[in-house]
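The values are calculated or read from the model by the stated rules, or taken from the named source; none is laboratory data. Since this is a predicted model, take the numbers as computed values, not measurements. Neighbour counts run over all protein chains shown; Cβ positions are idealised from the backbone, glycine included. Just the protein is used for accessible areas: all its heavy atoms, side chains included, with ligands, DNA and RNA removed. Shrake-Rupley method; radii C 1.70, N 1.55, O 1.52, S 1.80 Å.
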Amino acid sequence: MCRLLFCLLALITLGETVKAQDIHSYANPSAVRVRHLDLDWNVLFDQKILKGTAVLTVERISETAPLVLDTRDLKIEKVETSAGGANYAPATFTIGASDKILGAPLTIPLPAKANRVRIQYSTSPGATALQWLDPAQTAGKKQPFLFTQSQSIHARSWIPLQDSPAVRVTYTARVHTPRQLIAVMAAEDLSGDARDGDYQFKMDQPIPSYLIALAVGDLRFKSLGPRTGVYAEPHTIDLAARELSDTEKMVMATESVYGPYRWGRYDILVLPPSFPYGGMENPRLTFATPTILAGDKSLVSLVAHELAHSWSGNLVTNATWSDFWLNEGFTTYLERRILETVYGRDREEMEAVLGLRDLKEEIDTLDDRDEILHIDLTGRDPDDGSTDIPYEKGALFLRHLEETFGRERFDRFLKGYFDHFAFQSITTAQFVDYLNKNLLGENPKLARKVPVAEWIAKPGLPENAPQPSSAAFTRVAEQATQWLQGKTPADKIPAANWTTQEWLHFLRYVQDHITPAGNKPIETPGSRPALPSARMDQLDKAFHLTRSGNSEIAFQWLLMSIRNRYEPAYPRLEEFLMTIGRRKFIKPLYEELAKTPEGKARAIEIYRRARPTYHPIAVASVDVVLNWPGN
Ligand SMILES: [Zn+2]
């Protein structure tokens, strides 16, 4: 066993010397590397395109190599080169064959001394990074909205660049919009307060391409603290500011453990509901779904997560998408630490327990190859690697290190790690090497307790993986059991002060423990027992779950309603699917519907109307679930 583990470790470390090749980029940064971008766009809502120029400043490591960029469906109008200064000369270029996942390479031969390339281009209306919303899809319903989502490899659909997380660039941008709208970017805003349709930004810190982000809409701003604030539509801004009022506290909590916040401001942009993710950690300006606005701060763990990325991900970045767990595992671990500092250990452990359960459920459905932290994505879309594995398994691995070496020692290690690799993109091999030298090596006896190679390179979980536990959840489970056995009626369950997490635990516990006693279960496909509608009705009458305004609770209840064929919740299910585009919610609901012929028919009927309002990333996922025509 030791030998095998040693071999695995050696293999991982070997990867470092063969400098990480990013299989998801055509670019050749080891020969010609883009260092800086100057961007200038007109935002054309009527055509759903951006039209403008990108000026790329490049470093020539090889004097003869051409510049190779990533593109996807860009219309390249003109390319020019310059040896500095304003004198540009026309240049030739070729666009290679287009690959479904990678897009097409743009190759530009460079004359001697040329170090700048100016590209005049426009995006296509189907650009995968851009979502153009009609007024009806916004909260205010009066103005259109545009937002970008560049991760994983979508930046190439709106900017011709070296679209690899291993290539870091600084940039400036100028954005021309209709006068009534404002533009915001994940960068320093140089525009002042005027709403004049002309906005300027700069990002002086080198970032990977997937963190370049833009949004344009009818936005308002509210300050939350000396360096924190929130942008949202006028309709949402007050609610958002109340819900996110702990943001400054969270920044301070993170700084106290992991060192200074290095990005200047930390603002949050609350997007319209079609945003496909919970949040996106765009530097200085997190993009967030409005579904976190529960009214009681119970879903702000998302802010803790995106904020934590300011250290893990944005400061120290995965060099390839196979190293994605370096971003997400570290961030999920940090997120829980922030929650513990701001809201206490009980709350943190509830989230950890829910996270572990999600992880175990997902492990039951994944292929072995997809349960590996350092995942092989050959021939696949990197978005496919975005399962619970990099997040929850990665976080559990770090928790294992913390529990083994002690919190104080592990905190020092992580702080040193962020300092050592600040503003760099690193591979899993580089991390393992650093871990060996700076933590494991100093105490081999403790190190033997953490099977590092197994954590990183094998499927499933090591036998001695940490076990989070929550006393509050134990009490909730007792209540659920009492109710399931018919000993406590629904309206006598003492749930008045339950948190969202306790509700989620209750609902899932009930679903997982439906037994014949007292429930006369009906048979459903896959012979899973179901709760009779009368029992679902008791819960609904007591707690108004069908009408819950908390997106997580509503989601869990609707999922349960599909499984148990609880028809009174169906109109709400349809409304939910028609108004929310967050993939985490809609994909499992469509999956559950698709398990029966009548459910699938209902799903297709709803999806036909909802699909045009969803983001391309969400559409790509649901199309597969429903075998949508063409997929
Ligand atoms: Zn994340």
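Scanning region 174-211 for residues that are among the aliphatic types (A, V, I, L, M) and more than 13 Å from residue 284 (Cβ to Cβ) gives 175, 181, 182, 183, 194. Contact map, region 603-614: residues that are hydrophobic (A, V, I, L, M, F, W, C) paired with residues that are assigned to a helix (DSSP H, G or I), Cβ distance under 6 Å, separation 6+ or inter-chain. Pairs shown: 603/590; 603/593; 606/574; 606/577; 610/577; 610/578. Among the residues making up region 364-415, those that are at pLDDT below 95, hydroxyl-bearing (Ser, Thr, Tyr) and under 25 Å from residue 315 (Cβ atoms) are 386, 387. Condition check for residue 233 on (1) crowded, with 21+ Cβ neighbours inside 10 Å; (2) within 30 Å of residue 433 (Cα to Cα); (3) among the acidic types (Asp, Glu): one failure, at (2). Pairing each residue of region 542-561 that is farther than 16 Å from residue 591 by Cβ with any residue that is outside any loop (DSSP other than H, G, I, E, B) and of a type in the set (Lys, Arg), provided the two are 6+ apart or on different chains, yields C-beta distances under 6 Å for 546/572. Among the numbered conditions (1) farther than 26 Å from residue 578 by Cβ; (2) touching a Pro at 6+ places or on another chain (Cβ under 8 Å), the only one that residue 291 does not meet is (1). Only one of the numbered conditions (1) touching a residue at least 60 places away in the same chain (Cβ under 8 Å); (2) open to solvent by 20 Å² or more (accessible area, probe 1.4 Å); (3) not charged (D, E, K, R) is not met by residue 618, and that is (2).
If you go through region 259-282 and keep only what is within 13 Å of the ligand (Cβ to nearest atom), open to solvent by less than 10 Å² (accessible area, probe 1.4 Å) and assigned to a loop (DSSP other than H, G, I, E, B), you end up with 281, 282. Only one of the listed residues (590, 570) is more than 21 Å from the chain's Cα centre (by Cα), in a helix (DSSP H, G or I), at pLDDT 95 or above and among the aromatic types (Phe, Trp, Tyr). That residue is 570.
Tallying residues that are in contact with a helix residue (DSSP H, G or I) (Cβ under 7 Å, 6 or more places away or on another chain), open to solvent by 10 Å² or more (accessible area, probe 1.4 Å) and assigned to a helix (DSSP H, G or I) within region 126-184 yields 1.
Selection of region 220-233 for residues being more than 15 Å from residue 284 (Cβ to Cβ) and under 23 Å from the mean Cα position of the chain (by Cα) yields 232, 233.
Cβ-Cβ contacts under 6 Å between residues 6 or more apart (or on different chains), taken from a first residue in region 315-334 that is under 12 Å from residue 393 (Cα atoms) to a second residue that is in a loop (DSSP other than H, G, I, E, B) and at pLDDT 95 or above, are listed as 325/373; 331/309; 331/313. Taking the criterion of being open to solvent by less than 10 Å² (accessible area, probe 1.4 Å) and within 22 Å of residue 271 (Cβ to Cβ), the residues of region 582-605 that qualify are 585, 586, 589, 590. When residue 306 is tested against (1) touching a helix residue (DSSP H, G or I) at 6+ places or on another chain (Cβ under 8 Å); (2) in contact (Cβ under 8 Å) with a residue 24 or more places away in the chain, exactly one condition is not met: (1). Looking across region 283-299 at every residue that is touching a residue at least 24 places away in the same chain (Cβ under 8 Å) and among the small types (Gly, Ala, Ser), the one that is most open to solvent (accessible area, probe 1.4 Å) is identified as 295.
The residues of region 283-319 that are within 22 Å of residue 500 (Cβ to Cβ) and assigned to a loop (DSSP other than H, G, I, E, B), listed by number, are 289, 293, 294, 295, 296, 297, 298, 299, 300. If only residues of region 300-346 that are small (Gly, Ala, Ser) and either surrounded by fewer than 24 Cβ atoms within 10 Å (Cβ to Cβ) or more than 10 Å from the ligand (Cβ to nearest atom) (or both) are counted, the one that is modelled with the lowest pLDDT is 301.
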